[in-house]
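Below is one structure, written out as structure tokens; comments come after it.
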Amino acid sequence: MKKKWLFLRWTLTFILTIIASFVIWKLGGFQSAWKLDATKITFLIIFCFALITCYCGMLSWKLSNITDLTIVDKNSLRLIEIKLEHGWYTVSLCESLGYLGTIAGLIMVFVAFESLSNYNEEAIKKLINDIYPGFQTAFITTLAGLICSNILRFQCHNIYMGIQEAKHGE
């Protein structure tokens, strides 16, 4: 592996994530997510994503420094490989939290349907207003979970491939 390419790939991912987050913030995306997600699970997903992104950066830096050596320390590689499990776990956690938000949103929709006792025009309008927050929560948490988990998956795969290349001396 060429010197520092592993960490540079992580850095590029990090910079693109920061730029995308800034654009989303400027367009009011985070404020909208706060209003749309009744459960606030979206922000738990984002917090986990940010924490493990920094952790992946640390692992990428360590792995880059190890692979710059002429003789690779197998114990150090194994330790990074073990620590990488936190990243893989968080990929699954982000997906699961997204799906949990989907379920919570759909439950909110079903609860709104229970309040429908008659089928007049006013009751239907009220029902539509009542189910809207549930669908918003379902969609925003699913979107956040899928986006964050896929970016984290890329970071973990980057580190995993760096470990494999170091192990096999490429």
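Taking every alpha-carbon pair under 8 Å whose residues sit at least 6 apart, segment 99-153 reaches a relative contact order of 50 percent.
Surface calculation, 1.4 Å probe, protein heavy atoms: SER21 sits at approximately 40 Å² accessible. Entry comment: accessible area of the chain is 60 Å² per residue, from protein heavy atoms only and a probe of 1.4 Å. Computed over protein heavy atoms with a 1.4 angstrom probe, the accessible surface ordering of ASP73, ASP37, largest first, is ASP73, ASP37. Computed over protein heavy atoms with a 1.4 angstrom probe, the accessible surface ordering of CYS94, CYS54, largest first, is CYS54, CYS94. Pop the C-beta distance of LEU79 and PHE154 into the FRET formula with R0 = 25 Å and round what comes out to the nearest 0.05. The pair LEU79/PHE154 has a calculated efficiency of 0.65.
Each Lys and Arg contributes +1 and each Asp and Glu -1, all at the Cβ; summed about the Cα centre of the chain, the dipole is approximately 680 debye. Ranked by solvent-accessible area (1.4 Å probe, protein heavy atoms only, all chains present), the residues TRP34, TRP88 order from largest to smallest as TRP34, TRP88. Taking the chain, how many lysine pairs are there with alpha carbons less than 13 Å apart, if each pair must be eight or more places apart or span two chains? Eligible lysine pairs with Cα atoms under 13 Å apart amount to 4.
Using heavy atoms of the protein chains and a probe of 1.4 Å, the accessible area assigned to PHE7 is about 50 Å². For MET58, the accessible area of its heavy atoms, probed at 1.4 Å with every protein chain present, is near 70 square angstrom. Surface composition of the chain: carbon plus sulfur atoms hold 71% of the accessible area, using a 1.4 angstrom probe and ignoring ligands, DNA and RNA. As a length-normalised measure over Cα pairs under 8 Å and 6 or more apart, the relative contact order of the chain settles at 37 percent.
For the pair PHE30 and SER92, the difference between a 0.36 nm per residue extended length and the Cα-Cα distance amounts to 20.1 nm.
Shown is the FRET efficiency for LEU106 and ILE15, computed with R0 = 25 Å from the Cβ-Cβ distance and rounded to the nearest 0.05: 0.10. Here the spin labels are modelled as points 7 Å beyond Cα on the Cα-Cβ line, and at PHE47 and LYS167 they lie 3.5 nm apart.
Farthest toward the positive end of the dipole of the chain, out of TYR119, GLY98, HIS168, is the Cα of HIS168, where the dipole comes from beta carbon charges about the Cα centre. Between the C-alpha center of segment 80-99 and that of segment 1-67 there is a gap of 14 Å. Each 10 Å bin from 0 upward holds the following percent of the Cα-Cα pairs of the chain: 10, 30, 24, 17, 10, 5, 3, 0. Each of GLY145, ILE46, ILE15 was scored by the projection of its Cα onto the charge dipole of the chain, and the greatest displacement toward the positive side belongs to ILE15; charges sit on the C-beta of Lys, Arg, Asp and Glu.
The values are calculated or read from the model by the stated rules, or taken from the named source; none is laboratory data. Note that the coordinates shown come from a computational prediction; the quantities given were computed from them, not determined experimentally. Neighbour counts are summed over all protein chains in view; Cβ atoms, including those assigned to glycine, are modelled from backbone coordinates with ideal geometry. Note: accessible area is taken over every heavy atom of the protein model, side chains too, but ligands, DNA and RNA are not part of it. Shrake-Rupley method; radii C 1.70, N 1.55, O 1.52, S 1.80 Å.
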